[in-house]
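The values are calculated or read from the model by the stated rules, or taken from the named source; none is laboratory data. Since the model is a prediction, treat every value here as computed from it, not as a measurement. Here the Cβ positions follow ideal geometry from the backbone for every residue, glycine too, while neighbour counts run over all protein chains shown.
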């Protein structure tokens, strides 16, 4: 059997598990996505943007098992004033969720949205389809075709409470796809939070359309699920003087692939994407980012920090594309790893592709061990070695965490990172 035949067979097997059940406004977008997925085939290790990450367990037709683990740790963001939407094994739990009505917001479940003239018709699958070029992202197309549940959020004002998507898992072999559409209208602002163990294998797509002067903040916590396999995708389009910020913290999971594809299409737009992860042992974490500047005087930042030990693997693939005419672009990209032993790996592929001449773009990637001088300094002042190591680790991660705009959310993330480090002291 040739490689192409094998790819076609695997795609057919995965697609055979699902069928397009939705009717009405999303049907055409789903059929288009299925056609894209079928034409592309599933990702293979030989694909340029998958050479550092094996996609096998993300694409296998059979369910992936992952043990359910109990934790005494309180769920992240508990105690904050927020609008809670709870999903259990990918199914909305109305009893555990808050009333979806909130000033400045229109929220509907994907499974319950009706009417051929629904506002999401022009967004669902649109940004995902745009994000397939120049790099194919077949798992996102599969999601658009088959996702049965998700949330449609239309933001019409400045929303005072964050919208918290909370995931819970009861099955040790759950396989979940969720699709979100977020439309931030002109001058509107919203914060979206994600946390909790969603599934043994998870595939999510979030499409975010930010209109002129709109603000979108996103904070996602991936953890409490040691054997999870996850592929997440964020596709965003930014209007004039709009602002987009997304931060992800990852502390567990056997395989995590987070993709973020952003288009800055309006002048003076800002896009910041950041992430912090700490991995131990059988842990593979991949951040793949593609930011396109297609307007004047726009700013983008990519800040990613990874702490790895006991054979953990971290991957960063980040690209800034500056199109012809996108003058006065300010593009910044940094990816760094802290390797706590000689068994771990950090694989980086930073890229710049520039077709304008009045730009300030930079990228850098470094990998190293704990600063022995700083460690000696702390120990000489009576700080125990494991405490000093944790302090230096948190200091290393700080640049990424500082990308979170809200102080309350930054504190919650720092507390969670400190707690994880304390539990995993060697």
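Quick check, is residue 161 touching a residue at least 40 places away in the same chain (Cβ under 8 Å), in a loop (DSSP other than H, G, I, E, B) and farther than 16 Å from residue 28 by Cα? Spelling it out, residue 161 is indeed touching a residue at least 40 places away in the same chain (Cβ under 8 Å), in a loop (DSSP other than H, G, I, E, B) and farther than 16 Å from residue 28 by Cα. If you check residue 127 against the conditions, is it under 18 Å from residue 239 (Cβ atoms) and outside any strand (DSSP E or B)? It is true that residue 127 is under 18 Å from residue 239 (Cβ atoms) and outside any strand (DSSP E or B). The set of residues in the stretch 260-283 that are modelled with pLDDT of 95 or more and surrounded by fewer than 22 Cβ atoms within 10 Å (Cβ to Cβ) comprises 265, 266, 267, 268, 270, 272. Scanning the stretch 233-251 for residues that are within 18 Å of residue 305 (Cβ to Cβ) and crowded, with 23+ Cβ neighbours inside 10 Å turns up 246, 247, 248, 249, 250, 251. From the list 68, 117, pick out the single residue that is closer than 28 Å to residue 42 by Cβ, in contact (Cβ under 8 Å) with a residue 24 or more places away in the chain and more than 20 Å from the chain's Cα centre (by Cα). After applying the criteria, what remains is 68. Selection over the stretch 55-114 of residues that are touching a helix residue (DSSP H, G or I) at 6+ places or on another chain (Cβ under 8 Å), at pLDDT below 90 and within 14 Å of residue 176 (Cβ to Cβ) gives a count of 1.
Against the list (1) within 22 Å of the chain's Cα centre (by Cα); (2) part of a helix (DSSP H, G or I); (3) surrounded by 18 or more Cβ atoms within 10 Å (Cβ to Cβ), the condition residue 57 fails is (3). Considering the stretch 177-201, the residues that are modelled with pLDDT under 95 and within 16 Å of residue 63 (Cα to Cα) include one that is surrounded by the fewest Cβ atoms within 10 Å (Cβ to Cβ), namely 201.
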